[in-house]
Amino acid sequence: MKLLRNVLAVGMGALLLGSCAKPKDAMEVKIDRLLSQMTLEEKIGQMNQLSGAGLSDDMKNQVRDGKVGSILNEVDVDVVNELQRIAVEESRLGIPLVFARDVIHGFKTVMPIPLGQAATWNPAVVEAGARVAAEEASAAGVRWTFSPMIDVSRDPRWGRIAESYGEDTYLSTVMGVATVRGYQTDDLADPTAVAACAKHFCGYGAAESGRDYNTTWIPEAQLRDVYFPPFQAAAEAGCATFMCSFNDINGVPSSGSKFLNIDVLRNEWDYDGLLVSDWASIQQMVPHGFCADLKDAAYKAANAAVDMDMAGYAYTSHLKELVEEGRVSEAVVDEAVRNILRLKFRLGLFDNPYAPKQDHPYYKEESLQTAKQAAEESAVLLKNEGNALPLDGGCTLLVTGPLADSPRDQMGTWCFDNAEGERAVTPLQALRQVNGLRVMYEPGLAYSRDRSQAGIRRAVQAARRADAVVCFVGEEAILSGEGKCRADLSLPGAQTELICALAATGKPLVLVVMAGRPLTIGTEVQLADAVLFQFHAGTMAGPALADLLLGKAVPSGKLPVTFPTMAGQAPVYYAHKNTGRPPVDVAHIDSIPVGAPQFSVGASSYYLDAGGWPLFPFGYGLSYTTFEYGEPHLSTDLLTESGTLTVTCDITNTGIYDAYETAQLYTRDLVASLCQPVRQLRGFEKVLIPAGETRTVTFELTPDDLAFCHADLRTYAEPGEFQVWVSTDSQSGKPVTFEYE
Ligand code: NOJ
């Protein structure tokens, strides 16, 4: 089926789509009618998105004159409604504006950053979080958010890994679709629905050397296997808008890519939503060296089907001229405007243009509970030696570390509308509320980059008086997100010194790491008895962590991204190819004798200093209990082209806590005409298993799940032998094999 679809898409897609024009529905008729009344200037006005400037005369005039289609970054509901009134009542055609905002992981109630959401492996809580964000944002008149970011991200140096769902195509797809559903609901015209935006199309996460906005080179087969699927799934899930990426991809910036925007998005995927540029990304095709000047950029973007120019003024400055010169046809402009008007009709803005007058729906109790659940499920237990966790609820506890009481930093990147952490509950505040627990507090360091020593000495003295120490370290929010890449992935400032000094006291030491990306914390993990890692978890990080530390909740998060031992391993991800000489850690750099002969350290795919393996693999995460996996059972060892293979596996909770486990289904195509990854995630199930009990997880595999893009760009599964695992992470478990014929 998938094979057939792809054959058609590659070979005859445009032809078929062109010849099977659908009859126009009522909305399309309205769009055409409106379009027929618009002047060229009004059409270009719709293609213009401006950044909010309050109720300035200039903005009011531009709206009145039909020179603006959308405004981003305006969240004062009175301003929004007044500008909308001018658009609807005073502009010639009364076309409503659509207001947009980066509501990425919450508007007022802040959820974990998307990387943390992915660590929950729970699409239901991710969807619920997006619903909360949409309810809150729509109350301010924001009906379009620039989320989800579904760029597969395999490089922890890249600051925007924080905003992604991590390194895996399948997990990013599931989480992306859940997010779209949460924002949009089934009915985009619902006044609390917000149009989602699948971004950044495409390949932005593959930025060379993990440096933001950098070049990408991605062979088409890899694009189709790794980077496209979350976007195609978002399109199929009805995601109302797409955004171009900043990067150039194989030499062509996305905002000028006919291949991405026309051949793939419009023709193969039959997408009829709105495609917006990224911020001035049309204009930026000039410094890219792809366009001579702004006019050339407008020409290339319009002809590459970019519907709306975000804050770049390329279309308003040059599109009219380009149409008059015949270099951009009016049909191209009409198509863009159709896509824009379609969004506005779908959002119901022609019938209900205004944000309803209401008490604001911020920080509702249910919303805070959703944020708490997401924060709790996002925490990943990396180590728990001697069952150091959970803590004894009657102990004297030293709370220390620069992230213990920093509301702003636990918010993470991208929370414009609650950047200060209003209503955030910090771990310190939450632990102080725990009955019976005696809490001492010494921050040790004032912020994550702090290098001063005086606080460390005070923390050590306090540690000596405590039964146990919990040290909250990590990264301030400002160290991850857009434009915030790091070449060094260690804990900033003197945090490692703080940890060393605390460990030297001999007191039980628990580290809680709160960060926007994976960090190289091998030394710190060795020094601590237990380590909980939480990607910046938002408003309710504190109560969630307090429950986890005291055993009121059991950690269930799993890493959505591989943790390197050293930054130099990046990019490092589980779904890598095997190479002809797979890693064998033969010798460490310090163990090589002086004058050793050339090949005495072997010749395998590893680093002399960092070895061949990461610190923690994708999918990893412990619990307070233990789970035992049985051998996967297959319904057949021969999968046919039209068949389905059912994989079942028993998992037993062998500990004393009732707990959730996320069972992960991986496959490997052992021999193929293009080398395939050593493992690929094909499914997962998060299941509650009471202590002492066994649960069976069931997965289905079809040939579609085994398909990959071939050298001729057709996607299908190749006959041959496959391995399948059901395991607790991407490195463990024993595979069983089956044949696909
Ligand atoms: C640039 C970012 O790349 C994009 O993700 C964001 O939505 C826009 N700016 C708008 O703020």
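Each value in this text was obtained by applying a stated rule to the coordinates, not by laboratory testing. Bear in mind the structure is a predicted one, so any value in this text is a computation, not a measurement. Cβ: placed from backbone, ideal geometry, glycine included. Neighbour counts: every protein chain shown.
So here's what we get for this one:
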| quantity | calculated |
| --- | --- |
| In degrees, nearest ten, helix 314-324 long axis to first principal axis of the chain (Cα) | 40 |
| Contact order relative to length of the chain, as percent, for alpha carbon pairs under 8 angstrom and 6 or more apart | 13 |
| Positive minus negative residues near L382 (Lys, Arg vs Asp, Glu; Cβ under 13 Å) | -2 |
| For a label point 7 Å along the Cα-to-beta-carbon line of E641, residues of the stretch 713-741 with backbone N under 18 Å | 714-721, 739-741 |
| Inter-label distance, nm, simple model (7 Å from Cα along the C-beta direction), R464/E385 | 2.3 |
| Least to most buried among H105, H576 (fewest other Cβ within 10 Å first) | H576, H105 |
| Extension gain, L688 back to R423 (0.36 nm per residue minus Cα-Cα distance, nm) | 92.3 nm |
| Cα→Cβ-extended label distance, 7 Å offset, between I478 and E741, nm | 6.5 |
| Least to most buried among K507, K372, K552 (fewest other Cβ within 10 Å first) | K552, K507, K372 |
| Test item: Cα-centred dipole of the chain, Lys/Arg +1 and Asp/Glu -1 on Cβ, debye | 1040 |
| Net +/- balance of residues flanking R101 in space, Cβ distance below 9 Å, scoring K and R +1, D and E -1 | -3 |
| Value at 222 nm in deg cm²/dmol, rounded to 500, when DSSP H runs of n ≥ 4 in the chain each add -39,500 (n - 2.57) | -8000 deg cm²/dmol |
| Among W121, L97, P148 the positive-end extreme of the charge dipole of the stretch 92-179 (Cβ point charges) | L97 |
| Sequence-distant lysines (8 or more away, or on other chains) whose Cα lies within less than 17 Å of K320 | K43, K67, K295, K300 |
| Packing-based ranking, highest mean first, of 46-53, 83-90, 408-415, 602-609 given that Cβ atoms within 10 Å are counted | 408-415, 46-53, 83-90, 602-609 |
| Residue (of Y315, A193, L622) at the positive-pole extreme of the chain, dipole from beta-carbon charges | L622 |
| Protection-proxy order for peptides 134-143, 677-686, each taking the mean of Cβ atoms within 10 Å per residue, highest first | 134-143, 677-686 |
| Net charge of Cβ neighbours under 11 Å - reference L674; Lys, Arg +1; Asp, Glu -1 | -3 |
| Exposure proxy order (Cβ contacts within 10 Å, fewest to most) of C395, C202 | C395, C202 |
